[in-house]
1. Does A:T87 count as free of Cβ contacts under 8 Å to residues at least 60 places away in the same chain, facing another protein chain (nearest Cβ under 10 Å) and under 11 Å from the mean Cα position of the chain (by Cα)?
2. Give me a count of the residues in region B:78-96 that are assigned to a loop (DSSP other than H, G, I, E, B) and either free of Cβ contacts under 8 Å to residues at least 24 places away in the same chain or within 13 Å of B:Q25 (Cβ to Cβ) (or both).
3. Select, from A:A45, A:A49, the only residue that is under 12 Å from the mean Cα position of the chain (by Cα), surrounded by fewer than 14 Cβ atoms within 10 Å (Cβ to Cβ) and among the hydrophobic types (A, V, I, L, M, F, W, C).
4. For region B:7-66, give me each residue that is within 11 Å of chain A (Cβ to nearest Cβ) and among the acidic types (D, E).
5. Does A:S80 satisfy being surrounded by fewer than 14 Cβ atoms within 10 Å (Cβ to Cβ), in contact with a Ser or Thr (Cβ under 9 Å, 6 or more places away or on another chain), under 28 Å from B:Q105 (Cβ atoms) and of a type in the set (S, T, Y)?
6. Suppose we filter region A:59-110 for residues that are among the β-branched types (V, I, T) and under 13 Å from B:L43 (Cα atoms); how many remain?
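The values are calculated or read from the model by the stated rules, or taken from the named source; none is laboratory data. Small disclaimer: the values here were computed from a predicted structure and weren't measured. Note: ideal-geometry Cβ built from the backbone for every residue, glycine included; neighbour counts use all protein chains shown.
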Amino acid sequence: QQQVKQSPQSLIVQKGGISIINCAYENTAFDYFPWYQQFPGKGPALLIAIRPDVSEKKEGRFTISFNKSAKQFSLHIMDSQPGDSATYFCAASAGNMLTFGGGTRLMVKP
Amino acid sequence: DTAVSQTPKYLVTQMGNDKSIKCEQNLGHDTMYWYKQDSKKFLKIMFSYNNKELIINETVPNRFSPKSPDKAHLNLHINSLELGDSAVYFCASSQTGRAEAFFGQGTRLTVV
């Protein structure tokens, strides 16, 4: 049973466009929702995270939107750049254990 | 300074062999993890160690055994390797009570 579902699996965006990746979760005990960015040959790196007491968090060009009632959260990348091309993972945790979504491979075309 | 380091980065071995992957973190964290990333990029937790005690074992075959000599190190031993064990294995660490996990660069294990 996949507790965190992520979509789309792959995404192609033009430079300067907005990239949107969505995640849905089932476990209402989750209380921490991070996004990780992974480049080829590297480990996942924490990008931005949110807790369910806020509906939005913004850091630079990256924004998380959180809908607690729908049990959904999304990552928006504004003004997408070729350097943003990577695989993005949403995750959720209750305590220390992270459960990851299936990943989205983002390609930003110049 | 590397925060979470794993060795080796690549490991190619034959079926039936026994191998180990080492992990060290210098972040002062007291919880360490092993994750497996399969060919479809799916990340799944295998083990979690908190202050040298195993606290999670996600139905991993007992051919896999984590060993933690101290809270800065968590090694992964794999016995009788099988083709299906081929994957990228990531070590990670976090502070107890905080879910922000920091990952190593991964070890790509190929079993032939």
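1. Answer is yes for this residue.
2. Residues meeting the conditions: 1.
3. Checking each option against the conditions leaves just A:A45.
4. Scanning region B:7-66 gives B:D30, B:D38, B:E58.
5. Here the answer is no, as A:S80 does not meet what is asked.
6. Adding up the residues that qualify gives 3.
So that you can scan it fast, the table gives a plain yes or no per residue for (1) more than 14 Å from chain B (Cβ to nearest Cβ); (2) free of Cβ contacts under 8 Å to residues at least 24 places away in the same chain; (3) among the small types (G, A, S):
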position	(1), (2), (3)
A:Q38	no, no, no
A:P44	no, no, no
A:G60	yes, yes, yes
A:S74	yes, no, yes
A:A94	no, no, yes
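Yes or no, residue by residue, for (1) in a loop (DSSP other than H, G, I, E, B); (2) modelled with pLDDT of 95 or more; (3) within 21 Å of A:Q14 (Cα to Cα); (4) aliphatic (A, V, I, L, M):
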residue	(1), (2), (3), (4)
A:V54	yes, no, no, yes
A:K58	no, yes, no, no
A:H76	no, yes, yes, no
A:D79	yes, yes, yes, no
A:M107	no, yes, yes, yes
